[in-house]
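Structure record follows, encoded as structure tokens.
The values are calculated or read from the model by the stated rules, or taken from the named source; none is laboratory data. If you're wondering where the values come from, they're calculated on a predicted model, not measured in any experiment. Using ideal geometry, Cβ is built from the backbone for each residue, glycine included, and neighbour counts are taken over all protein chains shown. Calculation scope for accessible area: heavy atoms of the full protein, side chains included, ligands and nucleic acids excluded. Shrake-Rupley method; radii C 1.70, N 1.55, O 1.52, S 1.80 Å.
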Amino acid sequence: KQEVTQIPAALSVPEGENLVLNCSFTDSAIYNLQWFRQDPGKGLTSLLLIQSSQREQTSGRLNASLDKSSGRSTLYIAASQPGDSATYLCAVRTGANNLFFGTGTRLTVIP
Amino acid sequence: NAGVMQNPRHLVRRRGQEARLRCSPMKGHSHVYWYRQLPEEGLKFMVYLQKENIIDESGMPKERFSAEFPKEGPSILRIQQVVRGDSAAYFCASSPPGAGENQPQHFGDGTRLSIL
């Protein structure tokens, strides 16, 4: 059964720092991996989706990498801003039907 | 372009009542997924539907929970005889037709269900 783990559970950094969030999954037979952002009381905003054949995806200050064989993904955020404060969720797709989610990393960027 | 619309945003029910949660997918999307987020836990898949069909309900509790996605109108997640443990945020996601596993899922803002 697929299990997704995110480390750390919480992270505080001063504004301007670069940071890395980690995600690991136990079953490497995935179709894709998706990173989401969740603000308090809100839904999920999709940030990046990496297909299983890809190694990384970039969007603005965000870069996500995927090492399928080792069951790992990282989300790199450059030059962090207070507006980046949110919970970041990693999810893997193992079939057409559903996503397996990690429990998230709660990020606080201190002005 | 409206995103995935869920209503109500907040729903309060007493134990034993019924809860109905609605989800309108994005325009052009024919696949709907329901997830539940219990306090301090990650999102867990409940059910996957296409128009008039339940494709996968492997994450649904065996009793009291049901889902539908009729030909016309929104998808409905129905919880009968609610209990305190049903308190959670319920999220709906949708994706367009096509190779489902390669399509991103787009999420609504969720319904926060509180059971008194």
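Overview of results
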read-out: Sole exception among (1) open to solvent by 30 Å² or more (accessible area, probe 1.4 Å); (2) within 18 Å of A:Arg93 (Cβ to Cβ) for B:Arg64, by number; value: (2)
read-out: Any chance A:Gly104 is touching a strand residue (DSSP E or B) at 6+ places or on another chain (Cβ under 7 Å) and within 12 Å of chain B (Cβ to nearest Cβ); value: yes
read-out: Any hit, the range B:17-26, residues being assigned to a strand (DSSP E or B), in contact (Cβ under 8 Å) with a residue 12 or more places away in the chain and among the basic types (Lys, Arg); value: yes
read-out: Hits in the range B:97-108 (condition: more than 11 Å from the chain's Cα centre (by Cα) and either under 18 Å from A:Phe36 (Cα atoms) or open to solvent by 40 Å² or more (accessible area, probe 1.4 Å) (or both)); value: B:Pro97, B:Gly98, B:Ala99, B:Glu101, B:Asn102, B:Gln103, B:Pro104, B:Gln105, B:His106
read-out: Index of the failed condition, B:Asn102 passing every other in (1) out of contact with any strand residue (DSSP E or B) (no Cβ under 9 Å at 6 or more places or on another chain); (2) under 24 Å from A:Tyr88 (Cα atoms); (3) among the polar types (S, T, N, Q); value: (1)
read-out: Selection status of B:Ser94, surrounded by fewer than 16 Cβ atoms within 10 Å (Cβ to Cβ), among the small types (Gly, Ala, Ser) and over 13 Å from B:Gly16 (Cα atoms); value: no
read-out: Matching residues in the range B:101-116 - criterion: being more than 21 Å from B:Pro8 (Cα to Cα) and more than 7 Å from chain A (Cβ to nearest Cβ); value: B:Gln103
read-out: Residue satisfying all of: in the range B:38-59; touching a Lys or Arg at 6+ places or on another chain (Cβ under 7 Å) and more than 8 Å from chain A (Cβ to nearest Cβ); least open to solvent (accessible area, probe 1.4 Å) among these; value: B:Met46
